[in-house]
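The values are calculated or read from the model by the stated rules, or taken from the named source; none is laboratory data. None of these values were measured; they are calculated from a predicted model. Here the Cβ positions follow ideal geometry from the backbone for every residue, glycine too, while neighbour counts run over all protein chains shown.
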């Protein structure tokens, strides 16, 4: 049986199909008008490649599908979400409980759609506010009152009033979300920000997920589980997934894949460098685990929740190069997959980073995307000449080098800032380059930052799907409590722990998983606010709540943190379904003499460089620069002074052996 992992990005949609022994990778253009089109295009590619008559026949041999995406990220970035309204507390309509105007006001929610309620509002107050919101076109309402943690009775009362007049079986019903249930935290602004982000992105994500699930069931007659990637690094059924929990799930899976490979290679730390067609992502593996941050900006929105340290720069293969006031600028505008760079021949005429890389001789114009697309070098030449070279009085080749160097600087600055945030030095950390353009810039960025090595991966072009393929089913349950872990409160804690454990087991059973085989981890947040929280983690697979009480009591005493109250409790269940990890490469392909091509590395003339085909390299092979590695789905320049060596897993390491001339 196969497992299928699909990652929908802004430009390309990637797929990884495995039977536990063999892996097959596919890339198709993302279809933003309907993400299920590219989703099923991946399945069609797999069916064709593996010799099946059609998708239905292929799916009969598929055990499960895991789908991660940037759908919610794109909705937030493009400001294309649902119209949301907020019922909050009077006096906080603009700040949403912050000290200044909230960044989401007039961005995710119109100022006129934020209505303050008085303390202990009457039903007439609530219904008048709801009527105003609905008349303004609001389709989802977030109830986010001040001080609704840990006691959210006031928010529940408001929801009851709304639902009594707008029951869910009538056309005029509107979904009501409680901030206290979306983010059980003391921090008022986080609760409202989190709930608005979820409401804003929910419909677009749900439409894609439910449509895909319906098509799988009704048209393809497939009954297997469709599991959705979450930013926790795990997957869950659609019914257990919140839209906000999928933000950047694709790139985050790349970080988890990087953490896995860091362990394989024996690295404590690594930088994950994910370069696509639209954006570059940087994340960190520290002490063998993805670095998480508690509090910060999630898609430029300040929150106090815990999420992966993932930083972005709007630069990728489709980034548009132009000249303004005599200065070269690259991005943030992108040509995307359609019409794409000028060299695609699909109507794009602006100069892009991909056009520059083609002019410099790095890309193989006849084997782009495995030969599925032929690149037009002359179109790239003309686009760069018109939009960059002439305005800067440069040759086209010098302009292309300037575009490459600008991209390298933007990427290097992003990595340097992310490393600094994680408290690591570039000289101590290897770079893991993946995504469609990660290998392209691996050596350039590592050289600029003084990093010891850069690594590229056989599965690098679909690396986020690799992170997905080693993921498990993960469910997280949270409960706000605000009590000290003391003897007089243990009965209350006992009741809470038992309820959370029962809910976790019920959900696993309901999804068809053997709850008895799941692992359980409890996290208790001790403190009086999110700024000073201390997290106690207790691994316990005990079934009896009393035994869990005892395990936590022991840990509290050992850590000496029982003085502060427990703000909240999290239970994370993990059900292992991962199909494989890294395995040594055992095949050997016939040796193939390298080709030759003119390539520009420095500011001088082009050099005739050796061109190696990635698929023709074997374990132990070395390539010394200047050279270029071209593959069906990756390109890796090897500058002078650098050497690339294929390792036992079929990946490759790049190291600087001499100062570049």
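If the condition is being assigned to a strand (DSSP E or B) and surrounded by fewer than 19 Cβ atoms within 10 Å (Cβ to Cβ), then the range 510-535 contributes 519, 521, 523, 534, 535.
Does residue 126 satisfy being out of contact with any strand residue (DSSP E or B) (no Cβ under 6 Å at 6 or more places or on another chain) and modelled with pLDDT of 95 or more? Spell out how you get there, then give the answer.
Values: out of contact with any strand residue (DSSP E or B) (no Cβ under 6 Å at 6 or more places or on another chain): yes; modelled with pLDDT of 95 or more: yes.
When the stated conditions are applied, residue 126 passes them.
Entry remark, the range 624-634: residues being within 28 Å of the chain's Cα centre (by Cα) and either assigned by TED's automatic domain parsing to the domain that holds residue 375 or at pLDDT below 95 (or both) number 4 in total. The numbered conditions (1) in contact with a helix residue (DSSP H, G or I) (Cβ under 8 Å, 6 or more places away or on another chain); (2) outside any helix (DSSP H, G or I); (3) more than 17 Å from residue 505 (Cβ to Cβ) are all true for residue 561 except (1). Any residue at all in the range 569-587 that's more than 30 Å from residue 233 (Cβ to Cβ) and under 36 Å from the mean Cα position of the chain (by Cα)? The answer is yes; a qualifying residue exists.
If only one of 190, 231, 280 is in contact with a helix residue (DSSP H, G or I) (Cβ under 9 Å, 6 or more places away or on another chain) and over 30 Å from residue 653 (Cα atoms), which one is it? Step through it out loud before you land on a result.
Numbers: 231 fails: over 30 Å from residue 653 (Cα atoms); 280 fails: over 30 Å from residue 653 (Cα atoms).
Result of the check over 190, 231, 280: 190.
For the structure I just gave you, tell me whether residue 601 is farther than 30 Å from residue 493 by Cβ, surrounded by 19 or more Cβ atoms within 10 Å (Cβ to Cβ) and either in contact (Cβ under 8 Å) with a residue 12 or more places away in the chain or in contact with a strand residue (DSSP E or B) (Cβ under 6 Å, 6 or more places away or on another chain) (or both). Let's see the steps before the verdict.
On the way: farther than 30 Å from residue 493 by Cβ: yes; surrounded by 19 or more Cβ atoms within 10 Å (Cβ to Cβ): yes; either in contact (Cβ under 8 Å) with a residue 12 or more places away in the chain or in contact with a strand residue (DSSP E or B) (Cβ under 6 Å, 6 or more places away or on another chain) (or both): yes.
Taking the combined requirement at face value, the residue satisfies it.
Conditions tested, residue by residue: (1) farther than 15 Å from residue 182 by Cα; (2) modelled with pLDDT under 90; (3) assigned by TED's automatic domain parsing to the domain that holds residue 109; (4) buried (at least 24 other Cβ atoms within 10 Å of the Cβ).
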residue: 195; (1), (2), (3), (4): no, no, yes, yes
residue: 200; (1), (2), (3), (4): no, no, yes, yes
residue: 210; (1), (2), (3), (4): yes, no, no, no
residue: 217; (1), (2), (3), (4): yes, no, no, no
residue: 222; (1), (2), (3), (4): yes, no, no, no
residue: 226; (1), (2), (3), (4): yes, no, no, no
residue: 229; (1), (2), (3), (4): yes, no, no, yes
residue: 234; (1), (2), (3), (4): yes, no, no, yes
residue: 242; (1), (2), (3), (4): no, no, no, no
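From the list 155, 163, 135, exactly one residue is touching a helix residue (DSSP H, G or I) at 6+ places or on another chain (Cβ under 8 Å), surrounded by fewer than 24 Cβ atoms within 10 Å (Cβ to Cβ) and outside the structural domain of residue 299 (by TED's automatic domain parsing). Which is it? Before you say what the answer is, go through the steps one by one.
On the way: 163 fails: touching a helix residue (DSSP H, G or I) at 6+ places or on another chain (Cβ under 8 Å); 135 fails: touching a helix residue (DSSP H, G or I) at 6+ places or on another chain (Cβ under 8 Å).
Result of the check over 155, 163, 135: 155.
Between 375, 394, which is surrounded by 15 or more Cβ atoms within 10 Å (Cβ to Cβ) and within 26 Å of residue 273 (Cβ to Cβ)?
Selected residue: 375, the only one of 375, 394 that is surrounded by 15 or more Cβ atoms within 10 Å (Cβ to Cβ) and within 26 Å of residue 273 (Cβ to Cβ).
Restricting 533, 462, 481, 473 to those that are modelled with pLDDT of 90 or more, farther than 28 Å from residue 279 by Cβ and either in the same structural domain as residue 369 (by TED's automatic domain parsing) or touching a strand residue (DSSP E or B) at 6+ places or on another chain (Cβ under 6 Å) (or both) reduces the list to 473. For the range 49-84, residues that are surrounded by fewer than 20 Cβ atoms within 10 Å (Cβ to Cβ), touching a strand residue (DSSP E or B) at 6+ places or on another chain (Cβ under 8 Å) and not in a strand (DSSP E or B) total 5. Taking the criterion of being surrounded by fewer than 23 Cβ atoms within 10 Å (Cβ to Cβ) and either free of Cβ contacts under 8 Å to residues at least 12 places away in the same chain or assigned to a loop (DSSP other than H, G, I, E, B) (or both), the residues of the range 460-487 that qualify are 470, 472, 486, 487. Limited to the range 24-48, what total is found for residues that are farther than 23 Å from residue 235 by Cα and exposed (fewer than 15 other Cβ atoms within 10 Å of the Cβ)? Total meeting the criteria: 2. Among the residues of the range 363-409, just one is under 16 Å from residue 440 (Cα atoms), without any contact (Cβ under 8 Å) to a residue 12 or more places away in the chain and assigned to a helix (DSSP H, G or I), namely 405. Residues of the range 327-344 being surrounded by fewer than 23 Cβ atoms within 10 Å (Cβ to Cβ), in contact with a strand residue (DSSP E or B) (Cβ under 6 Å, 6 or more places away or on another chain) and closer than 14 Å to residue 11 by Cβ, which ones? Passing the criteria: 331, 333. Listed by first and then second residue, the pairs linking a residue in the range 438-450 that is more than 11 Å from residue 656 (Cβ to Cβ) to a residue that is in a helix (DSSP H, G or I) and modelled with pLDDT under 95, with Cβ atoms under 8 Å apart and 6 or more places separating them unless they lie on different chains, are 438/460; 438/463; 439/460.
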